[in-house]
Amino acid sequence: MIDGERLRAARRARDLTQTELAELVGISMKSIAAYERGIRDPGTETVAKMAEVLGVTSDHLMGAEEQHQPTRIPVLGRIPAGIPLEAIEEVLDWEDIPARWLAGGKEYFSLRVRGDSMYPEYLDGDTIILRKTETCETGDDCAVMVNGDDATFKRVRLSETGMVLQPLNPAYEPIIFTAQQVQDLHVRILGVVVELRRTKRR
């Protein structure tokens, strides 16, 4: 059975939308979405085509363990304003990612989730892996800098009229920006989540 999380992570690591991957593989975008959600399973030939496009192995997409040389990235507690990610000294831990993710000059960093605004999908103390980017798709979970403050972690909803930073916990209100406010308040995407890593609580 396809590992939906690995498929999503591999697609985002290649900076492809679901539509773009579907076109390259020759299937529908709805099929890609269903595979990533784990509600449909592709045939062997489709798995092989997706693996070729994404630069991974079929075994990887099917959840098998692979031998690879990992790359270490820092787990940051927060992202202070005005400091490049590579210069931040508050490193809480280190995480390994596959070296192949760095193909094409892509860069990654990691954050420790704080609070419960993204509950139940993300828990306080979770570690998230993000690809550094200044753009995202609507529905992506992103680290976002607002008005020079520390980054916030929210689900981003984009439209022609502006941007919404949507908490997943209904106890929290969404943060809504008009297109003009996005410019005036310097709202910018820092990274898009490609993987969630959780340590079992004892």
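Points worth noting:
- Residue in region 9-27 that is part of a loop (DSSP other than H, G, I, E, B), open to solvent by 50 Å² or more (accessible area, probe 1.4 Å), within 20 Å of residue 195 (Cα to Cα) and not acidic (Asp, Glu) present: yes
- One residue stands out among those in region 163-198 that are free of Cβ contacts under 8 Å to residues at least 24 places away in the same chain and in contact with a Ser or Thr (Cβ under 7 Å, 6 or more places away or on another chain): the one that is least open to solvent (accessible area, probe 1.4 Å), which is 165.
- Restricted to region 45-131, the set of strands (runs of 3 or more DSSP E) holding at least 2 residues that are more than 22 Å from residue 4 (Cα to Cα), open to solvent by less than 20 Å² (accessible area, probe 1.4 Å) and modelled with pLDDT of 85 or more comprises 70-76.
- Every pair of residues 6+ apart whose Cβ atoms lie under 7 Å, when the first sits in region 91-120 and is within 15 Å of residue 193 (Cα to Cα) while the second is modelled with pLDDT under 90 and among the aromatic types (Phe, Trp, Tyr): 108/101
The values are calculated or read from the model by the stated rules, or taken from the named source; none is laboratory data. For clarity, every value in this text was computed on a predicted model and none was experimentally measured. Counting neighbours? That spans all protein chains shown, and the Cβs are built from the backbone with ideal geometry, glycine included. Only protein heavy atoms, including side chains, enter the accessible area calculation; ligands, DNA and RNA are left aside. Shrake-Rupley method; radii C 1.70, N 1.55, O 1.52, S 1.80 Å.
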